[in-house]
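Shown next, in structure tokens, is the structure this report addresses.
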Amino acid sequence: METEAGRKIAVIVVAAGSGERLGRGVPKARVPLGGELMLTHALRGVLAADIASHICVALPDGDAELQRLCGVLAAETSAAGGPEITVVDGGSSRAESVRSALAALAPEVSAVVIHDAARALTPPEVFHRIAASLAEGALAVIPALAVVDTIKTVENSDPGTASIAPERVRCTPARDQLRAVQTPQGFDLATLRRAHEQAALLTQSQAAEVTDDAMLVEAMGVAVYVVKGSARSLKITTPTDLLLAEALLEGPLAPRWVEG
Ligand code: CTP
Ligand code: MG
């Protein structure tokens, strides 16, 4: 789809993670959810939102099953006149996976939306809010929710007090200014490419700390706008998250779901 400003949007779906914390022994994108693989849900969600002229999926290196899945979906989508779906091999960090996909986007694209396959149940409205902000001229826009817990930053206890507890509180940021950030995150393509060129210089441990794309763009001093996310966009990370996602899909709550 084109934004009102005539920009073509690509959606990058990062699905190359190993799913360590889910503990299924297979990459998370291959974990079943409501009778389908997690990646199938994620891609069907992107297709339902209908904002993309190209969808590029970063897969675990050489994963034949997921390559096949994307091939089938690509053929089905192309036959229906939908967007092109292509795949790339992801990298050893999320940022590397994004970079592989950024290098493989269709040339006419000028805006990009990065989405975690692990947020497999993200509703179309969230994609629409991101696309609308890009159309209004945002160089960067992310979905977020207010946090319900009080959040504190901590530091290690002094050696003399470590027997009391390993950490102590440093400070308590005002909760009404805190947001839990999700994907899909939308960017002007040239801006995100510049941010990732700089991130490519990070060490492996620094790269592991890059948990979203917006933080790279923030570091360049670019304004990052915030729209409303959704509780349905939870990142399926732990076995409890998977239970919750199954419940949202199939359980008695599903018909009564209203976006918070
Ligand atoms: N991701 C990726 N390439 C990596 C690491 C992560 O494409 N090298 C993707 C994941 O597939 C996921 C998203 O980034 O869709 C968010 O990552 P996370 O939830 O941490 O997934 P995993 O890395 O798979 O999980 P874990 O950290 O528990 O291993
Ligand atoms: Mg991870």
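The values are calculated or read from the model by the stated rules, or taken from the named source; none is laboratory data. Only a predicted model underlies this, so the values are computations on that prediction, with no experimental measurement involved. A quick note on method: Cβ atoms are made from the backbone with ideal geometry, for glycine too, and the neighbour counts reach across all protein chains shown. Only protein heavy atoms, including side chains, enter the accessible area calculation; ligands, DNA and RNA are left aside. Shrake-Rupley method; radii C 1.70, N 1.55, O 1.52, S 1.80 Å.
Just a few scattered comments:
- For H54, residues with placed amide H under 5 Å, excluding near neighbours: V11
- Separation between Cα centres of the range 163-215 and the range 20-93, rounded to whole Å: 25 Å
- Cβ-placed point charges (K, R +1; D, E -1), dipole of the chain about Cα centre in debye, nearest 20: 360 debye
- Taking S53, S110, S157 as the candidate residues, the one with maximal mean-square fluctuation in a Gaussian network model of the chain, Cα springs under 10 Å, is S157.
- Among L134, L105, L69, the largest mean-square fluctuation in a Gaussian network model of the chain (Cα springs under 10 Å) belongs to L69.
- Fluctuation leader among P123, P83, P239 - the chain, Gaussian network, Cα springs under 10 angstrom: P239
- Farthest toward the positive end of the dipole of the chain, out of L192, L121, L244, is the Cα of L244, where the dipole comes from beta carbon charges about the Cα centre.
- Amide proton proximity set for Y225, modelled H, under 5 Å, gap of 5+: A140, V141, I142
- Rounded tilt (10° steps) of 64-79 against the dominant C-alpha axis of the chain: 50 degrees
- Hull volume per residue, based on the alpha-carbon atoms of the chain and their convex hull, is 159 Å³.
- 11 Å beta-carbon shell around A58, net charge (K/R +1, D/E -1): -3
- Given +1 at the Cβ of Lys and Arg, -1 at the Cβ of Asp and Glu and no other charges, the dipole of the range 39-161 around its Cα centre is 160 debye to the nearest 20.
- Accessible surface, per residue, of the chain when the full set of protein chains is kept, probe 1.4 Å, Å²: 49 Å²
- Pairwise label distance in nanometres, D176 with V148, each label 7 Å out on the Cα-Cβ vector: 2.0 nm
- Over the range 141-260, the reciprocal of the mean inverse Cα-Cα separation, the Kirkwood hydrodynamic radius, stands at 17.6 Å.
- Rounded to the nearest whole Hz, the Karplus-based 3J(HN,Hα) values (6.51 cos²θ - 1.76 cosθ + 1.60, θ = phi - 60°) of the range 95-107 follow the sequence 4, 5, 5, 4, 4, 4, 6, 4, 6, 10, 7, 4, x, with x at glycine and proline.
- Computed over the chain, the per-residue total of -39500 (n - 2.57) for DSSP H runs of n ≥ 4 gives a 222 nm mean residue ellipticity of -9500 deg cm²/dmol, rounded to 500.
- Quick note on the range 59-181: its Rg to Rh ratio, both from C-alpha atoms and Rh being the Kirkwood radius, is 1.12.
- Kirkwood-Stokes translational diffusion coefficient of the range 207-246, alpha-carbon pairs, 20 °C, 1.002 mPa s, µm²/s: 170 µm²/s
- Gained length - R21 relative to S163, 0.36 nm times residue gap less alpha-carbon distance: 48.2 nm
- Nonlocal amide H pairs with L33, under 5 Å, H built at 1.01 Å: M38
- Taking 25 °C and 0.890 mPa s as conditions, the range 78-131 diffuses translationally at an estimated 186 µm²/s according to Stokes-Einstein applied to its Kirkwood radius (Cα pairs).
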